[in-house]
Every structure is written in C-alpha cells, then in structure tokens.
Amino acid sequence: MSRQPVVVVLHDGEMPSESSMAPVVERAREVRYATAAELPEAIVGADVLFAYDFFSSAIPDAWPAADALEWIHVASTGVDAILSPELRASDVVLTNSRGVFDEAIAEYVLGQVLSFAKDLPRSWELQQARRWVHRESERVAGTSALVIGTGQIGRAIARLLRAAGIRVSGSGRRARTDDPDFGTVTAQEDLHEALGGADWVVCIAPLTEATRGMLDGVAFRAMADHARLINVGRGESVVTDDLVTALREGAIAGAALDVLDTEPLPDDHPLWDLPDVRITPHNSGDFVGWRDALVRVFTDNFARWVDEEPLRDVVDTSLGYVPTDGSAR
C-alpha cells in the first residue's frame, strides 16, 4: 500500500507547470501551493514540502506549524536557507536536487576562464568603438586551477577544465591523492598554501560554518597576483570587503562572481566599477528548461517516497550537503 500524502509547494509567485506536477497530483491526497506568507497555514497537516522557491527563508519561520512533516525536498543543490537548528534536530528527511546544474555551471566556469584569458569584454568594447586594435591574449592550456569544493559540481568543473588543458587540483574536507577528477585534494586547513599555486581559483563549496568567510584578506594575499577568482558556490564564502581591497590593491587580477553575500548587489556597490570584475545574477546553472528539470527530480523522488523506497540525494544535515556516496534513507 503506497502513501497518499498532503504536499505543499512553496513558491514565489512563479509555480511549476501543471503538466510537470501531474505525477504528484495523481498520487497525493492533496497538493497545496503557498507563498512564504502563506506557508505557516499551508504546512499544517502536510507530510511533504517541496521548496520550489529555493531562495526562500520562510521554512524556519513556519517550522512550529509543521505538525506532520516527514520530508522536505529543495529545488537546488544548496540547503543553507533551510537548515535551521530545529530541522537538524528533527527526524524530517531533507533531499536536494543534486546533479541538475553540474554541467551548466562547469560550462559557465570555463566560459569565464576563456573570457579572462582572451579579454573578450575589451574586444567587445573595441568593436563598439569601431576600433581595430591588435592585442595578444593568454593561453589557458598549461595553467592551473584550484577547485574549492569536491562534490558533483566541482567534479564536473574539474573534468571540463582538464579537457581545456588546465591542470586541476581540489580543496576539500580531507586531503587525498590519486583522485579521479582532481588528482590531489588538499585539506581545507591547508587552503592558503594551495591557493598560492593556482592561476584560477574556483569556489563551489557548500556554505557551512567552516566555509563561511574562508576567502578573506589572508586568503587573497596567499593567491598569486595574476590569479582570478571565480565564485559559483555561495556568496558568504567570500568576505566581500576584503575582495574589494584585494582587487584595488592588485593582490589578485580579477574576479567573476555569480553569487554574492547580498543579492541583488546594490547599485552603488564598488564591485560594479572595478576593472576585471564580472558579475552575473546567480544564474550560472540556469539553462533553458532548468525549472522543469528540477520538478522532474522532485517527482522521481516523490514516486520513491510514496512507494516507501529509498530517496535519492539525502542531505546529511550535520554536514549541510549530500555525502559523496549519495546515501539515502
């Protein structure tokens, strides 16, 4: 006998399509749609919560009303907006949408590397000015990249950078050698030493207490002055004021930032006007069709849940991410 749950879909006004949610509607006792303001009322008696609005911070506030909740699925890889102490202490299972954005984010990172090396923004500026100016560019083959964060997205980034001839190493929780994607992985406590040997520093680490603010003034001084930072992980991993200082003083050569500690970035923020800074609005993984892809991950896991089969991509709430083996329960 399969379960017939009450499901709540948390949204921001943009809801998943009816066709994409049909597999859930067919098997649920009830599907409720709720904005952040409506969530405390909607979550009463609900068994399953689908956080389609993965930027929302409404779940911790609505937690006291969650009297029947057994499972939360988040339509993103990161879960830091949801991981309250109450959730960590509960028996509620948390899953994420690991795997949807891997290749798209890897392509974004390679694109930014090539944009820096070939100075594509300057080429566009010269074209707009109708100026024919011969310039030389950098090679990317033979350069080195340090990928901070060795999960699935980090591995996709490593594989694509290696295909472009870049030497790649990783930084993770523990040191190891002979990794299939990174070769050498340096433990996080040795991050500053590893930073000094990288031409490209790519941050894709989950946000935890250990990674919050890890790229600070000390870290930037440890980097080579020709190195560039590409952050596609969490904005809070970078101390933004220290980054501004490092860029102004020439401690590093540039930064591509898809995530920031304050989003949207205020229009008077100094990062907008600094040379060799590229800013994108947290969309490095947003390929055409990504929203439907996220719903498919949920509907697949929902079928597993109602049939009482192991869920995919269960987050270890003590760590804040899915362990490497993707263990389920």
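How about segment 10-22: which of its residues are open to solvent by 40 Å² or more (accessible area, probe 1.4 Å), in a loop (DSSP other than H, G, I, E, B) and not hydrophobic (A, V, I, L, M, F, W, C)?
Within segment 10-22, the subset open to solvent by 40 Å² or more (accessible area, probe 1.4 Å) is 12-15, 17-19.
Those still in the list that are in a loop (DSSP other than H, G, I, E, B) too: 12-15, 17.
Scanning segment 10-22 gives Asp12, Gly13, Glu14, Ser17.
Based on this model, can you work out whether Leu229 counts as open to solvent by less than 60 Å² (accessible area, probe 1.4 Å), within 20 Å of Ser144 (Cα to Cα) and either in a loop (DSSP other than H, G, I, E, B) or touching a Cys at 6+ places or on another chain (Cβ under 8 Å) (or both)? Outline the logic, then answer.
Working: open to solvent by less than 60 Å² (accessible area, probe 1.4 Å): yes; within 20 Å of Ser144 (Cα to Cα): yes; either in a loop (DSSP other than H, G, I, E, B) or touching a Cys at 6+ places or on another chain (Cβ under 8 Å) (or both): yes.
Against the criterion (open to solvent by less than 60 Å² (accessible area, probe 1.4 Å), within 20 Å of Ser144 (Cα to Cα) and either in a loop (DSSP other than H, G, I, E, B) or touching a Cys at 6+ places or on another chain (Cβ under 8 Å) (or both)), Leu229 qualifies.
Taking the condition of being touching a Ser or Thr at 6+ places or on another chain (Cβ under 6 Å) and within 21 Å of Asp258 (Cα to Cα), how many residues in segment 191-213 meet it?
Summing the residues that are touching a Ser or Thr at 6+ places or on another chain (Cβ under 6 Å) and within 21 Å of Asp258 (Cα to Cα) in segment 191-213 gives 5.
Considering only segment 92-136, state which residues are without any contact (Cβ under 8 Å) to a residue 12 or more places away in the chain and charged (D, E, K, R).
Glu125, Arg130, Arg131, Glu136, listed by residue number.
Among the candidates Val7, Val25, single out the residue that is of a type in the set (Val, Ile, Thr) and buried (at least 19 other Cβ atoms within 10 Å of the Cβ). Give the steps one after another, and end with the answer.
On the way: Val25 fails: buried (at least 19 other Cβ atoms within 10 Å of the Cβ).
Criteria check complete, one pass: Val7.
From Ala51, Ala36, which residue is touching a Leu at 6+ places or on another chain (Cβ under 6 Å), within 17 Å of Val74 (Cα to Cα) and among the hydrophobic types (A, V, I, L, M, F, W, C)? Quick ask: steps written out before the conclusion?
Numbers: Ala36 fails: touching a Leu at 6+ places or on another chain (Cβ under 6 Å).
Just a single option satisfies the conditions, and that option is Ala51.
Scan segment 29-55 for residues that are part of a helix (DSSP H, G or I) and either at pLDDT below 95 or farther than 28 Å from Gly99 by Cα (or both) and report the count.
Taking segment 29-55 first, the residues part of a helix (DSSP H, G or I) are 39-42.
Cutting the leftovers down to either at pLDDT below 95 or farther than 28 Å from Gly99 by Cα (or both) gives us 40-42.
Summing the residues that are part of a helix (DSSP H, G or I) and either at pLDDT below 95 or farther than 28 Å from Gly99 by Cα (or both) in segment 29-55 gives 3.
This table checks each residue for (1) under 25 Å from Leu110 (Cβ atoms); (2) open to solvent by less than 50 Å² (accessible area, probe 1.4 Å); (3) touching an Asp or Glu at 6+ places or on another chain (Cβ under 6 Å).
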{"residue": "Pro264", "(1), (2), (3)": "no, no, no"}
{"residue": "Leu274", "(1), (2), (3)": "yes, yes, no"}
{"residue": "Thr280", "(1), (2), (3)": "yes, yes, yes"}
{"residue": "Asn283", "(1), (2), (3)": "yes, no, no"}
{"residue": "Phe287", "(1), (2), (3)": "yes, no, no"}
{"residue": "Leu294", "(1), (2), (3)": "yes, yes, no"}
{"residue": "Phe302", "(1), (2), (3)": "no, yes, no"}
{"residue": "Glu308", "(1), (2), (3)": "no, no, no"}
{"residue": "Val314", "(1), (2), (3)": "no, yes, no"}
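Quick one: count up the residues across segment 176-194 that are in contact with a helix residue (DSSP H, G or I) (Cβ under 7 Å, 6 or more places away or on another chain), part of a loop (DSSP other than H, G, I, E, B) and not charged (D, E, K, R).
Count: 1.
Tell me, which residue of segment 209-226 that is part of a loop (DSSP other than H, G, I, E, B) and either touching a Pro at 6+ places or on another chain (Cβ under 6 Å) or of a type in the set (Gly, Ala, Ser) (or both) is most open to solvent (accessible area, probe 1.4 Å)? Explain how you work it out, then say what you get.
Residues of segment 209-226 that are part of a loop (DSSP other than H, G, I, E, B), as a first pass: 209-214, 216, 223-226.
Pick out the ones that are also either touching a Pro at 6+ places or on another chain (Cβ under 6 Å) or of a type in the set (Gly, Ala, Ser) (or both) and you get 210, 213, 224.
Values: Ala210: 63, Gly213: 21, Ala224: 20 Å².
Going through the qualifying residues, I end up with Ala210.
Only one residue in Gly213, Gly250, Gly197, Gly233 is in contact (Cβ under 8 Å) with a residue 60 or more places away in the chain and out of contact with any helix residue (DSSP H, G or I) (no Cβ under 6 Å at 6 or more places or on another chain), so which one is that?
Numbers: Gly213 fails: in contact (Cβ under 8 Å) with a residue 60 or more places away in the chain; Gly250 fails: in contact (Cβ under 8 Å) with a residue 60 or more places away in the chain; Gly197 fails: in contact (Cβ under 8 Å) with a residue 60 or more places away in the chain.
None of the others qualify; the one that does is Gly233.
Among the candidates Ala255, Ala251, which residue alone is closer than 24 Å to Gly149 by Cα and open to solvent by 10 Å² or more (accessible area, probe 1.4 Å)?
Ala251
So which residues in segment 244-303 are assigned to a helix (DSSP H, G or I), among the charged types (D, E, K, R) and touching a Ser or Thr at 6+ places or on another chain (Cβ under 6 Å), if there are any at all?
Across segment 244-303, the qualifying residue is only Asp292.
The values are calculated or read from the model by the stated rules, or taken from the named source; none is laboratory data. None of these values were measured; they are calculated from a predicted model. Note that each Cβ is placed from the backbone with ideal geometry, even for glycine, and that neighbours are counted across all protein chains shown. Quick note on the areas: whole protein, heavy atoms, side chains included, nothing else; ligands and nucleic acids left out. Shrake-Rupley method; radii C 1.70, N 1.55, O 1.52, S 1.80 Å.
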